[in-house]
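Laboratory data are not the source of any read-out in this text; all were calculated from the coordinates shown. Source: prediction; values computed, not measured. Neighbour counts are summed over all protein chains in view; Cβ atoms, including those assigned to glycine, are modelled from backbone coordinates with ideal geometry.
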Amino acid sequence: MQAHSEVKGHIVISDDIEAEVMRLEEELAPSRVVKFVVTDESFKIEHAKAVLAESYISESQTKYIILGASDLTDIAQNSLLKLLEEPPRNIEFIIISPTKSNLLPTVRSRLPVLKVNSSHQKIEIELNLARLDYKEVFAFLKEHARTKKEDAKDLVQALFYRATVTDMLILTPLQLDNFDKAYRLLTLNSRPQSVLAMILMSFARER
């Protein structure tokens with residue numbers, strides 16, 4: 001379980017891989033982004049070897065390595081497991097796949113999974129999750145008191161990007177688990193406000 005506290009990266013489920021790559025490049029700028037995108041064939045062992053080689057080129061600032069593929073072979077995924085579990089310093093992985101079932105359970109267990117509807121507009125989260133207090137949590141929940149389930153899913157995604165990309169936080173096991181649970185709870189018709197509160201309270205602290 002301890003290894004998960006050092007997880008830096010995530011999996012994005014999107015039906016438009018190339019559009020998602022473009023969105024990420026824009027969002028992550030000016031950080032360095034290296035892409036390994038394969039949409040016309042399977043992501044194979046040779047692609048995985050190229051990812052491994054790039055990952056061990058030392059960086060003084062965070063480098064984002066994007067793996068995008070419509071299909072990934074099991075052998076390629078297995079060869080990346082140790083890298084995903086113990087990423088080199090300043091390396092963050094983002095895997096983009098059109099479906100969760102393309103990914104081995106061992107890969108999915110190492111990185112939190114986000115679902116993205118490419119037609120949804122990007123939501124800007126103004127909260128600084130690195131310095132979040134209870135007053136800001138309650139104000140956010142009040143603002144989104146009437147949020148519908150699908151909109152709440154977009155908010156969860158936006159909060160995750162705010163935490164990991166904008167605020168550059170290394171999420172605790174509890175925070176990672178909350179993000180993973182959020183989509184399941186919303187699918188099961190849990191109250192959106194309760195789900196958002198669960199996520200935000202794991203970041204909040206007294207001032």
Kindly write out, for the range 152-166 in residue order, the coupling ³J(HN,Hα) from the Karplus curve 6.51 cos²θ - 1.76 cosθ + 1.60 (θ = phi - 60°), rounded to whole Hz, with x marking Gly and Pro. 5, 4, 5, 5, 4, 4, 5, 5, 5, 5, 4, 5, 8, 9, 5
Hey, can you grab everything whose amide H is under 5 Å from the amide H of LEU72? Only 5+ residues off in sequence or another chain; H modelled, so Pro and N-termini drop out. PHE43
Partner lysines for LYS82 [C-alpha distance under 28 Å; skip if fewer than 8 residues away on the same chain]: LYS8, LYS35, LYS44, LYS49, LYS63, LYS100, LYS115, LYS181
Specify the angular offset, from 0 to 90 degrees and rounded to the nearest 10, of the alpha carbon long axis of helix 173-187 from the longest principal axis of the alpha carbons in the chain. 80 degrees
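I'd like the FRET efficiency for SER101 and LYS135, computed as 1/(1 + (r/R0)^6) with the beta carbon distance as r and R0 of 41 Å, rounded to 0.05.
Details: r = 42 Å, r/R0 = 1.03.
The computed FRET efficiency comes out at 0.45.
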Loop by DSSP (not H, G, I, E, B), at most 12 other beta-carbon atoms within 10 Å: where is the longest site-free stretch of the chain for GluC sites (Glu not before Pro)? 42-123
In order over the range 61-72: 3J(HN,Hα) from phi, Karplus 6.51/-1.76/1.60, θ = phi - 60°, whole Hz, x for each Gly or Pro, gives 10, 4, 10, 9, 10, 9, 10, x, 7, 7, 7, 10
Under a 5 Å amide H to amide H cut-off, with H placed in plane at 1.01 Å, what residues pair with ILE91 once short-range neighbours are removed? LYS63
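Using only C-alpha atoms and all pairs of different ones, pull out the Kirkwood radius for the range 106-207 in Å with one decimal. Don't skip to the end; give the middle numbers.
Working: mean 1/r = 0.0720 Å⁻¹.
For the range 106-207, the Kirkwood estimate is 13.9 Å.
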For n ≥ 4 DSSP H runs only, could you compute -39500 (n - 2.57) per run for the chain, divide by its residues and tell me the 222 nm figure to the nearest 500? -12500 deg cm²/dmol
Per q in 0.17, 0.21, 0.23, 0.25 1/Å, what log10 I(q)/I(0) does a Debye calculation on the alpha-carbon atoms of the range 31-91 return? -0.55, -0.81, -0.95, -1.08
So who's got an amide H within less than 5 Å of the one on LYS115, skipping anything under 5 residues away but keeping other chains? H placed 1.01 Å off N, in plane. ILE13
ASP180 and GLU126 label points (each 7 Å along its Cα→Cβ direction) are spaced in nm at 3.4 nm
